[in-house]
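Written out below as structure tokens is the structure these notes cover.
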Amino acid sequence: MSYNSLGNYYKTMFSLVQHHKYSLSDIENLMPFERDIYVDMLLAYLKELEEAKSK
Amino acid sequence: MSLPKIDQPIYSIDIPSLKKSFQFRPFLVKEEKLILMAKEGQTETEILSVIKQIVNNCSLDPKLDVNKLAIFDLEYIFLRLRAFSVDSSVKVSYKDAEDEKIYDFVVNLDDVKMVYPEKTSNKIEITDRSGMIMKYPSASLYDDKEFMALEKDYMFELILRCIDTIYYEDEVYSAKDYKKKDLAEFVENLNIKTFQETQKFLLSVPHMEYKIKYKNEKDHDREIILTSLNDFFTL
């Protein structure tokens, strides 16, 4: 699986819901590869923001 | 009646023992969670039972009875579903028995093959006029708590669960109509040759296979053969 533990699964879900306003039911109804794509895109976006801030 | 709304891709998977293709949807994040929950339980029975549940959920063909599928069919379907739903590559790590170092590999699930060992007949003759028709171990074994908890007599108990029918001249007796006690008595009275043939059938069921070849630190050629779901996902 793309997550190796239930703990990691819940931490990721909590971050997506709490900090980024995703809906839990929407995420749970995604296919796992779609969820991974969104998480990767979100991380890239956050990195861009961080870089822009530090300039 | 309105047509169903298709909001997920549909894939066809060839079921090895049936030589027939059935349609499945990918599994979802909430179903992936079920596997992680079962992993926390750390009993193989729970994990296998969840795998059966997921395959059942994802099957789009009401004619497919997951309980009647052979275990190797179920494992193969789950492997294909995993490739569609998550990724077709899986990272695995194995400790080399010779140099005791841990090596990481990436397995491409699309390259996993089904291996059909030398053809053994499912018809086991006891005498010229009598015999048994065997079936492959079915996925319903995953829910059989008594069987999953066995610590001895594993093969004997497996044989009891894999007899499909018994025939004597023109009469055919379906094993499902008889109590386990009656079947046990029947199997206990089999001669050694028949018992060995039955074992041979059960030891030669088709299985998945993926070979990893590598050189260890001692520069020796090594090979690992992955054959079950446990090997692919370290469940």
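Of note:
- Applying a threshold of 6 Å to beta carbon distances and a minimum spacing of six or more residues, or different chains, the list of pairs starting in region B:133-155 at a residue that is touching a residue at least 12 places away in the same chain (Cβ under 8 Å) and surrounded by 16 or more Cβ atoms within 10 Å (Cβ to Cβ) and ending at one that is assigned to a loop (DSSP other than H, G, I, E, B) and of a type in the set (A, V, I, L, M) reads B:Y136/B:V205; B:A139/B:L69.
- Filter result for B:Y103 (outside any strand (DSSP E or B), of a type outside the set (G, A, S), modelled with pLDDT of 90 or more and crowded, with 17+ Cβ neighbours inside 10 Å): no
- Only helices (runs of 4 or more DSSP H) whose full extent lies in region B:1-92 are considered here, and the ones with at least 2 residues that are out of contact with any helix residue (DSSP H, G or I) (no Cβ under 8 Å at 6 or more places or on another chain) and either touching a residue at least 60 places away in the same chain (Cβ under 8 Å) or of a type in the set (S, T, Y) (or both) are B:71-85.
- The single condition from (1) out of contact with any strand residue (DSSP E or B) (no Cβ under 7 Å at 6 or more places or on another chain); (2) among the β-branched types (V, I, T); (3) loosely packed, with under 13 Cβ neighbours inside 10 Å that B:I159 fails is (3).
- Number of the condition not met by A:L46 [criteria: (1) within 14 Å of another protein chain (Cβ to nearest Cβ); (2) farther than 21 Å from B:K91 by Cα; (3) free of Cβ contacts under 8 Å to residues at least 12 places away in the same chain]: (1)
- Matching entry among B:D99, B:D153 (being more than 26 Å from B:E44 (Cβ to Cβ) and away from chain A (no Cβ under 14 Å)): B:D99
- So B:T227, is it within 30 Å of B:E40 (Cα to Cα) and of a type in the set (V, I, T): yes
- Selection of region B:162-200 for residues being surrounded by 11 or more Cβ atoms within 10 Å (Cβ to Cβ), over 13 Å from B:M134 (Cα atoms) and touching a residue at least 60 places away in the same chain (Cβ under 8 Å) yields only B:L190.
- Taken over region B:109-120, the criterion of being touching a helix residue (DSSP H, G or I) at 6+ places or on another chain (Cβ under 9 Å), more than 14 Å from chain A (Cβ to nearest Cβ) and either crowded, with 17+ Cβ neighbours inside 10 Å or not aliphatic (A, V, I, L, M) (or both) is satisfied by B:D110, B:V112, B:P117, B:T120.
- Within region A:9-25, being surrounded by 13 or more Cβ atoms within 10 Å (Cβ to Cβ) and within 11 Å of chain B (Cβ to nearest Cβ) holds for A:Y9, A:Y10, A:T12, A:M13, A:L16, A:L24.
- Counting only helices (runs of 4 or more DSSP H) that fall entirely inside chain A and contain at least 2 residues that are farther than 25 Å from B:K39 by Cα and out of contact with any Phe, Trp or Tyr (no Cβ under 9 Å at 6 or more places or on another chain), the qualifying elements are A:6-20, A:32-54.
- Per-region count, region B:16-30, residues within 12 Å of chain A (Cβ to nearest Cβ) and buried (at least 20 other Cβ atoms within 10 Å of the Cβ): 4
- Considering only residues in region B:47-72 that are within 14 Å of chain A (Cβ to nearest Cβ) and under 15 Å from the mean Cα position of the chain (by Cα), the one that is surrounded by the most Cβ atoms within 10 Å (Cβ to Cβ) turns out to be B:I51.
- Scope region B:178-214; condition among the charged types (D, E, K, R) and out of contact with any strand residue (DSSP E or B) (no Cβ under 6 Å at 6 or more places or on another chain); matching residues: B:K179, B:K180, B:K181, B:D182, B:E185, B:E188, B:K193, B:K200
The values are calculated or read from the model by the stated rules, or taken from the named source; none is laboratory data. Remember, predicted model here, so these are calculated numbers, not experimental data. Cβ: placed from backbone, ideal geometry, glycine included. Neighbour counts: every protein chain shown.
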